[in-house]
Amino acid sequence: MAASPSATLGETLTVRSISKSYGEHSILRDFSLEIAAGEFVTLLGPSGSGKTTILMAVAGFVPIDSGQILLGGRDFSALPPYKRGLGVVFQSYLLFPHMTVRENVAFPLTLRNTPKAEIVARVAETLELVGLKGLENRLPRQLSGGQQQRAALARALVFRPAVLLMDEPLGALDKKLREQMQFEIKAIQRRLGITVLYVTHDQEEAMYMSDRIVVMHGGKIEQTGTAQELYGRPASRFVAEFLGDANVLEGRVVAAANEREVEIELASGLRMWSTGNSAAVGEQVTMIVRSSKVRVCDAGFNAEGFRLMAEGEVEDVAHVRNSVRLRVNVPAVGGTLQVQHQEDLVPDGPLARERVHLAYQPRDVWLIAQP
Amino acid sequence: MLLLPLLPALIALVVFFVYPVAMLLVRSLEHGPGGITLYWYEYLFRQPVYIRILINTVRISIEATAIALVLGYPLAYFLTRIRPTLAALLAAIISVPYFTSALVRTYAWIVLLGSGGVVNQSLVALGIPGAPFQLMYSETGVLIGLSYILLPFMVLLLFSVMNGIDLRLMQAAASIGASPLRAFVRVYFPLTLPGVAAGCLLAFIQALGSYITPALMGSLRETMLASVIQQNIDKLDQWSLAAALAVMLLAFTALAFALFNRLIGLERLFEAKW
């Protein structure tokens, strides 16, 4: 692989309206997804959202009640797992404890009756690819968590599958190692041109690695899109909240006049404005304002594009890396708002218990119509 | 200071084990007046009957161990796949023969397996050709009786090892292209090997020294070492020859342990995890 030109191993993976239930309990309902050759798609959702079930159904370990799963246009949903030829990386790695790293990685090839010389070469280049060179003779229990993860990845890649399935592969690693592995997995995926279906509950990991993210909730797709799309234009309150740092407010549209500026009245009587969304007068809407888009200021604040929102009391201040995170209790919105600033925007920062004003830009208020 | 609590056990071990075994060894080296001699060992190896009994004892022990393994392996696997409470209940039932008196157990076999016993009557009634079979007072009888008593050992040792195997490894094997059979041969079975070896070792040792079962369920041709030792002491008053035979038995046991240690490692008897 290191020697060969960046091959395009990947093939299209199509999941066509699959359903799965255990007795009365429905896990998946009519789920469909198409992943292009070489695309990195992540199923993102809380536990119990059905994301792992989809992965295991594609791998063949969970029999589906109905639907089809196709690889490059061929339906393989009737094949047993060992005939599907997909690479799988499990959350707990599942390396064979009685085999060395070399034996673990060579095993898929010996099962395919690959000639010995080729096995030796392929194992060596795959171990080099994942950065395990020199550890060939170790047993899995003699490896660190990160090394076990690499060995599991090598074992899943060595037979050059068209599709790689990964089930929370980094869940057991610490944050720093996780970030490094995210980078490396992404680099390997690009280099091999392999199609990846990835499962995680970590929204940052999903946003960092994926070409496309499928947000799952209760066995159904909540929204599909790029990280930017999901973050900037969430289709539901669930998506907005799951991707993190969203302030969620509710109100009723009282005016939708010039330049598509929508005026919304909250239950307290507070009025807010939103641009870039269209809404009809009288409609109940959910407003999403990212914490990084809310600013702390004083009553006289008057900057281009900004509007004052309300007054509140700082409950809590935290300095994280180069940003300041505040929780501000705002009676006018009936709750606490999250605010995140660049450190240098507020040099001395407000202190806890201090009274502050909050400002926002109407273009940062995203509206979701309430059903 | 650490050794002080061990003192009672140590004294008991010396008085009831080390001393008798040492005396046995000394006895086996005595013949007539004068110093030590290998007379009885030479005598033993010059008599074809003793050679045959030695070989028979080892062969029957190996066969009974093999039967217990073949029966016990699937049984132990089954126990790992059912609810733990049910598994515990079944394990207790499997262990019953081990806790019943050898005499009661053996007489029960006689009732079941005799030429007019339940098994043969059923076979005759079913019109099985060749029935009734000589199930008692034959090597078949000895093997049935021995493997039955070895089974609980085998099952419990295999169970403890199998229980520690992550069955998702079979999924991992399937994901890289291993059929269920190849996954068993290359992954599951190798992982159970320490249990297989430990079960076989303990079953084999137990079979080597068995006395009542071969004596009551076999014929003269199935005479095993323990019976000969008993005869030499009780009937022939040949203490030194009996001691030499007992030392042989001890030697085979030690040999089995040495082999196990070489292939698997003795620590695996106590630590079954990978």
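General remarks:
- Chain A: most fluctuating residue of A:Gln149, A:Gln338, A:Gln180 per GNM, C-alpha cutoff 10 Å: A:Gln180
- The Cα atoms of chain B give a gyration tensor whose axes a ≥ b ≥ c have a/c of 1.5 or more with a/b no greater than b/c, which makes the shape oblate.
- When all alpha carbon pairs of segment A:197-257 are counted in 10 Å bins from zero, the resulting P(r) reads 20, 50, 20, 9, 1 %.
- Taking label positions 7 Å along the Cα-Cβ direction at both B:Leu89 and A:Arg112, the computed distance is 4.8 nm, reported to one decimal.
- Directionally averaged shadow of the protein assembly as shown, computed from the convex hull of its alpha-carbon atoms, nm²: 47.3
- Peptides A:236-245, B:33-42, ordered by how many other C-beta atoms sit within 10 Å of their residues on average, highest first, read A:236-245, B:33-42.
- Note on A:80-93: average number of Cβ atoms from other chains within 10 Å of each residue's Cβ is 4.
- When Rg and Dmax are taken over the Cα atoms of segment A:110-215, they come to 14.4, 44 Å.
- For A:Ser292 and A:Gln68, the FRET efficiency from 1/(1 + (r/R0)^6), where r spans their Cβ atoms and R0 equals 35 Å, is about 0.25.
- Accessible area of segment B:94-138 belonging to carbon and sulfur atoms, whole % at 1.4 Å probe: 73
- Charged side chains reduced to their Cβ positions (Lys and Arg at +1, Asp and Glu at -1) give segment A:18-147 a dipole of some 380 debye around its Cα centre.
- Two-site FRET efficiency, B:Phe133 against A:Ala78, from Cβ-Cβ distance with R₀ of 56 Å, rounded to 0.05: 0.70
- Dipole magnitude of chain A about its Cα centre (Cβ charges: Lys, Arg +1; Asp, Glu -1), debye to nearest 20: 1500
- Inter-label distance for A:Arg260 and B:Val21, nm, one decimal - labels placed 7 Å from Cα along Cα-to-Cβ: 9.1
- Three-way shape call for segment B:176-245 based on the alpha-carbon gyration tensor, with the a/c threshold at 1.5: prolate
- Segment A:1-150: translational diffusion in µm²/s, Stokes-Einstein, Kirkwood Rh over Cα pairs, 4 °C, 1.567 mPa s: 74
- Across A:Lys51/A:Lys133; A:Lys83/A:Lys186; A:Lys20/A:Lys116; A:Lys51/A:Lys116; A:Lys186/A:Lys220; A:Lys51/A:Lys186, pairs whose alpha-carbon gap is larger than 31 Å: A:Lys51/A:Lys133; A:Lys20/A:Lys116; A:Lys51/A:Lys116
- Computed with a 1.4 Å probe over protein heavy atoms only, the accessible surface of chain B comes to 55 Å² per residue.
- Averaged over the residues of A:98-107, the number of partner chain Cβ atoms lying within 10 Å of the residue Cβ comes to 2.
- Nearest-20 debye value, the protein assembly as shown charge dipole, Cβ charges on Lys, Arg, Asp, Glu: 1980
- Protein-protein interface of segment A:54-69, residues with accessible area decrease of at least 20 Å², isolated chain reference, 1.4 Å probe: A:Phe61
- Calculated FRET value between B:Leu220 and B:Leu13, using beta carbons and R₀ = 56 Å, to 0.05: 0.90
- For segment B:207-261, the Rg and Dmax computed from alpha carbons only, in angstrom: 12.3, 38
- If the chain linking A:Tyr208 and A:Glu304 were pulled fully straight, counting 0.36 nm for each residue of separation and taking away their Cα-Cα distance, it would gain 31.3 nm.
- At 0.692 mPa s and 37 °C, Stokes diffusion of chain A via Kirkwood alpha-carbon radius, µm² per second: 141
- If you look at the Cα atoms of segment B:107-151, you get an Rg and a Dmax of 10.7, 32 Å.
- Relative to the longest principal axis of the Cα atoms of chain A, the long axis of helix A:101-111 makes an angle of roughly 70 degrees.
- More than 15 angstrom apart: percent of Cα pairs within segment A:64-135: 66
- At the listed q of 0.10, 0.15, 0.18 Å⁻¹, the Debye profile of segment B:69-224, built from one uniform point per Cα, gives log10 I(q)/I(0) equal to -0.48, -0.89, -1.06.
- 10 Å binning of all Cα-Cα separations within segment A:242-371, expressed as whole percents from 0 upward: 13, 44, 32, 10, 0
- Between helix A:175-192 and chain A there is an angle of about 60 degrees, using the helix long axis and the longest principal axis of the Cα atoms.
- Portion, in percent, of the accessible area of chain A that falls on carbon or sulfur, probe 1.4 Å: 48
- Protection proxy ranking of A:205-211, B:165-171, A:138-144 - average other beta-carbon atoms within 10 Å, highest first: A:205-211, B:165-171, A:138-144
- Shape call, segment A:28-72: gyration tensor on alpha carbons, a/c limit 1.5: oblate
- Options B:Gly32, B:Leu75, B:Thr65, ranked by Cα towards positive dipole end of segment B:20-95, top entry (Cβ charges): B:Leu75
- Modelled this way, with points 7 Å down the Cα-to-C-beta line, the labels at A:Arg321 and B:Leu181 are 5.5 nm from one another.
- For segment B:22-73, the C-alpha radius of gyration sits at 1.70 times the compact-globule guess of 2.2 N^0.38 Å, with N the residue count.
- When accessible surface is computed with a 1.4 Å probe, chains A and B are found to bury approximately 1900 Å² between them, both chains counted.
- When the protein assembly as shown is described by a simple charge dipole with +1 on each Lys and Arg Cβ and -1 on each Asp and Glu Cβ, the residue from A:Gln149, B:Leu216, B:Val14 located farthest towards its positive end is B:Leu216.
- Listed residue (B:Leu266, B:Leu103, B:Leu54) projecting farthest to the positive dipole end of chain B, Cβ model: B:Leu266
- Semi-axis lengths, Å, segment A:279-344, gyration tensor of Cα atoms, sqrt of 5 times eigenvalues: 23, 15, 13
- Entry comment: accessible area of chain A is 45 Å² per residue, from protein heavy atoms only and a probe of 1.4 Å.
- Loop sites in segment B:208-274: trypsin sites (Lys or Arg not before Pro), DSSP, at most 11 other Cβ within 10 Å: B:Lys235, B:Lys273
- Of A:Thr275, A:Thr336, A:Thr110, the one that fluctuates the most in a GNM where chain A has Cα springs shorter than 10 Å: A:Thr110
- Helices that extend 24 Å or more along their long axis by alpha-carbon positions and average at least 1.0 on the Kyte-Doolittle scale are, among the DSSP H runs of chain B, B:48-81, B:139-163, B:189-208, B:239-263.
- Selected from A:Ala124, A:Ala106, A:Ala352 as most flexible by GNM, with chain A as the system and alpha-carbon contacts under 10 Å: A:Ala352
The values are calculated or read from the model by the stated rules, or taken from the named source; none is laboratory data. Nothing here was measured: the structure is a model prediction, and the numbers come from that model. Positions of Cβ are backbone-derived with ideal geometry, glycine not excepted, and every protein chain shown enters the neighbour counts. To get the accessible areas, we keep the full protein, side chains included, count just its heavy atoms, and leave off ligands, DNA and RNA. Shrake-Rupley method; radii C 1.70, N 1.55, O 1.52, S 1.80 Å.
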